[in-house]
Every structure is written in structure tokens, then in C-alpha cells.
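The values are calculated or read from the model by the stated rules, or taken from the named source; none is laboratory data. Given the structure is predicted, the values throughout are model-derived calculations rather than measurements. Because the Cβ atoms are built from the backbone with ideal geometry, glycine has one as well, and the counts that use them run over all protein chains shown. Please note that ligands, DNA and RNA were not included when accessible areas were found on the heavy atoms of the full protein model with its side chains. Shrake-Rupley method; radii C 1.70, N 1.55, O 1.52, S 1.80 Å.
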Amino acid sequence: MDITILGIESSCDDTSCAVVRGTTLLSNVIASQEVHRKWGGVVPELASRAHEQNIVPVVDKALGDAGITVDDIDAIAFTRGPGLLGSLLVGLSFAKGLALSRNIPLIECNHLMGHIMVHFIDEPGVETVHPSFPFITLLVSGGHSLIVLVKDHLDMEILGGTTDDAAGEAFDKCAKVMGLPYPGGPVIDKLAAEGDPKAFRFAKPSVSQFDYSFSGLKTSFLYFLRDKVAEDPDFIERNKADLCASLQQTIIDILMSKLIKAVKATGVTEVAIAGGVSANSGLRDAVTREGEKRGWRVFLPKKSYTTDNAAMIAVEGYFKYRKEEFASLDITPVSRVTQLK
């Protein structure tokens with residue numbers, strides 16, 4: 001029987017546990033925290049408290065859904081970082097306790113690598129085509145915007161990243177300015193379908209090589225609305241769909257310009273996207289269109305795997321188990337990482 005890994009993900013505001021046997025997903029349970037909607041963003045202290053409440057029932061359900069017991073687990077994979085320290089600490093502490101009680105290995109996982117690992121998740125009875133190495137991944141989320149050259153399952157090189165804000169943050173912050181609910185990205189995506197992406201123009205910051213910058217776009221959007229609302233207090237409400245469509249198209253244009261540049265520079269034409277923003281319909285369409293136009297082999301993640309989930313951590317843990325990359329019990333969480341390993 002193949003290796004069975006229990007994965008735990010608690011980097012932000014979702015408590016998740018998954019079980020994989022090899023790369024085949026047996027269960028994936030996610031407990032989301034609605035409390036943050038009230039505040040328009042994730043409150044770290046509230047997030048860590050909710051993780052403490054959710055971790056035991058989530059793990060119990062994941063084991064039950066997989067049809068196994070704790071005795072069937074070969075190792076426990078957990079997210080070490082990046083993320084909120086209080087949230088990470090809950091998942092790590094639980095993983096340590098369970099591993100120690102069962103005398104099984106711990107495997108530290110990189111949250112960002114995990115997002116890329118969703119492209120290697122298999123589901124029972126489903127034939128899935130995986131990317132071939134090397135491939136390029138555009139990893140976009142609330143906290144990160146990266147272009148990554150994936151040379152092997154555990155060999156990844158960051159070609160470019162954000163110099164300030166991430167694409168997902170730009171979506172959420174601009175949505176907040178318009179008075180849209182949190183999280184703003186999915187709301188903008190929905191409204192954008194009804195608007196004109198060419199109705200308004202916003203700044204597209206220029207930075208070197210394959211790096212991104214979204215702070216200038218946020219400032220441009222804020223000042224644009226400030227001036228328009230001064231002239232017409234109902235401007236946002238009357239132009240909401242066009243504003244969303246134009247903002248979304250600007251963000252997509254920024255993301256795609258660097259992705260195209262990276263593909264040309266590397267000569268790698270296997271292209272994938274990952275992370276929370278990879279669920280955005282406009283981005284998925286843009287990558288698909290460019291792939292058809294430029295001869296790319298494109299991989300879009302299943303939407304249920306775009307958000308934070310333990311399935312991606314469990315699969316990353318599986319590949320690390322095969323290389324015997326185990327963690328010691330004195331390991332601590334990290335809020336930031338500069339490399340993928």
C-alpha cells in the first residue's frame with residue numbers, strides 16, 4: 001500500500017485537513033471563518049482562536065471521510081509558512097502533538113509550494129493530466145504574486161515577485177473602497193462580467209524584469225474615485241460594473257504581461273496558474289487565450305483547489321516523504337519566506 005499522509009493547513013483563516021494515499025486524495029475538509037467579513041479583512045487574533053476551535057473536528061472529519069484511523073497515517077505534513085504566526089502555530093502544535101503520540105514523522109511544507117502542488121493531486125476514478133517539467137507557474141493570491149520556474153516537484157525557482165502589494169490584495173482593497181463586501185475578489189469577478197473592461201483606465205506600474213507592483217494601481221484607483229465622487233456622489237453605484245470590469249482587466253493585463261515575458265525568456269511553454277486569484281474567470285480566460293495564441297500547454301487548477309486547502313499540503317508532504325525530508329520537533333513557524341523549498 002502506498003504512503004498515507006495527513007496534511008494540515010492553517011496559514012490564514014481556513015482550518016483544513018486532508019488525507020492522501022500517494023497523490024490520490026481521500027479527503028479534504030475546510031472550515032472557513034465567517035467572523036472576518038464583519039471587519040473587512042482577516043483579524044489575526046480572531047483567526048488563531050477559530051483555528052483552536054476547528055482543528056480537532058476538522059481532523060476527525062478528514063480521517064472519517066477518508067475511511068481510515070490515525071494508525072493508518074505514515075506521516076503528518078503541516079504548513080510552516082508563510083502566513084500568520086498565530087494561525088500557523090495552532091496547526092504546527094497540533095501536528096507535533098499527534099506525531100509525537102504516534103511516533104510518526106513530521107514534514108514541514110511551504111504554503112506557496114503547496115499551491116503549485118495542486119497540479120499533482122489525483123482524485124479516485126478521475127484521469128488527470130499533470131504538467132511536465134519544467135513548467136512556468138503564475139502564482140497569485142491575496143499575499144503573493146510570483147512567477148515560478150518549476151523544475152521538479154521540489155525544485156522551484158522564483159523568477160519574479162511583487163515589490164509591494166499582491167494582486168489579490170489589490171482586488172480586495174479596491175473592492176473595499178467601492179463598498180463591496182469582503183473578500184472583494186470574487187465580488188469584482190462577478191460584477192465584471194456585466195461591465196465594460198475598457199470603460200476606465202488605471203495606472204499600470206512598470207517594474208524591472210518579471211517583478212510586479214500593485215501599489216500604484218491601488219493609488220490610481222483611489223484618487224480616480226475620489227475625484228469622480230466629488231463631482232457625482234452616486235458615481236460608484238452607477239458605474240459599479242464598469243469599474244469592476246476595468247479594474248479586473250488592468251490587473252490581468254499586468255499579470256499577463258510579465259507571464260508572457262517569462263515564457264519568452266525561458267522558452268518553457270508548459271504554463272500553469274495557482275493561488276486564490278487563479279479562480280478569477282477573467283484570468284483563467286486570459287491564460288487560455290494566450291495559450292491558444294502562443295502554443296502554450298495550459299493548466300488551470302480545479303477551483304476548489306485554488307483557495308487555501310490541506311490537499312495541496314498533503315501532496316507536497318508526500319513528495320517530501322519520498323525524499324525523507326522530515327522535520328524535528330523543535331521546529332517553529334515562519335511568517336515570511338524568500339525561497340521555495
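Worth a mention:
- Among (1) out of contact with any strand residue (DSSP E or B) (no Cβ under 6 Å at 6 or more places or on another chain); (2) in contact (Cβ under 8 Å) with a residue 24 or more places away in the chain - the single one Thr137 does not satisfy: (1)
- Qualifying residue in the stretch 165-183 (condition: over 24 Å from Asp13 (Cα atoms) and of a type outside the set (A, V, I, L, M)): no
- Count - residues of the stretch 246-275 that are crowded, with 24+ Cβ neighbours inside 10 Å, small (Gly, Ala, Ser) and under 24 Å from Lys190 (Cβ atoms): 2
- Within the stretch 86-108, residues that are closer than 20 Å to Asn54 by Cβ sit with their Cβ atoms under 6 Å from residues that are assigned to a helix (DSSP H, G or I) and modelled with pLDDT under 95, at 6+ positions apart or across chains, in these pairs: Gly86/Pro44; Gly86/Ser48; Ser87/Ala47; Ser87/Ser48; Ser87/His51; Val90/Ser48; Val90/His51; Val90/Glu52.
- Considering Phe210, Phe224, Phe235, Phe202, the condition of being under 24 Å from the mean Cα position of the chain (by Cα) and aromatic (Phe, Trp, Tyr) is satisfied by Phe210 alone.
- Tally, over the stretch 1-20, of residues that are surrounded by fewer than 24 Cβ atoms within 10 Å (Cβ to Cβ) and touching a residue at least 40 places away in the same chain (Cβ under 8 Å): 3
- If you go through the stretch 292-337 and pick out every residue that is in a helix (DSSP H, G or I), closer than 20 Å to Asp74 by Cα and open to solvent by less than 50 Å² (accessible area, probe 1.4 Å), you end up with 11.
- Any hit, the stretch 192-205, residues being modelled with pLDDT of 95 or more, closer than 20 Å to Gly276 by Cα and of a type in the set (Gly, Ala, Ser): yes
- Number of positions in the stretch 211-245 that are open to solvent by 50 Å² or more (accessible area, probe 1.4 Å) and either in contact (Cβ under 8 Å) with a residue 60 or more places away in the chain or aromatic (Phe, Trp, Tyr) (or both): 1
- Evaluated against (1) closer than 27 Å to Gly317 by Cβ; (2) buried (at least 16 other Cβ atoms within 10 Å of the Cβ), Asp155 falls short on exactly one condition, (2).
- Filtering the stretch 128-142 to residues that are crowded, with 16+ Cβ neighbours inside 10 Å and hydrophobic (A, V, I, L, M, F, W, C) leaves Phe135, Ile136, Leu138, Leu139, Val140.
- When Thr23 is tested against (1) hydroxyl-bearing (Ser, Thr, Tyr); (2) within 27 Å of Val148 (Cβ to Cβ); (3) open to solvent by 50 Å² or more (accessible area, probe 1.4 Å); (4) more than 17 Å from the chain's Cα centre (by Cα), only condition (3) is not met.
- Take the conditions (1) of a type outside the set (Lys, Arg); (2) open to solvent by less than 20 Å² (accessible area, probe 1.4 Å); (3) under 23 Å from Gln339 (Cβ atoms); Ala62 misses just one of them, which is (3).
- Residue identified as open to solvent by 20 Å² or more (accessible area, probe 1.4 Å), among the hydroxyl-bearing types (Ser, Thr, Tyr) and within 23 Å of Arg336 (Cβ to Cβ) among Ser145, Ser208: Ser208
- Residues that are surrounded by fewer than 22 Cβ atoms within 10 Å (Cβ to Cβ) and under 14 Å from Cys12 (Cβ atoms) within the stretch 82-127 comprise Pro82, Leu85, Gly86, Leu89, listed in sequence order.
- Restricting the stretch 82-137 to residues that are among the β-branched types (Val, Ile, Thr) and in a helix (DSSP H, G or I), the residue that is farthest from Val277 (Cα to Cα): Val90
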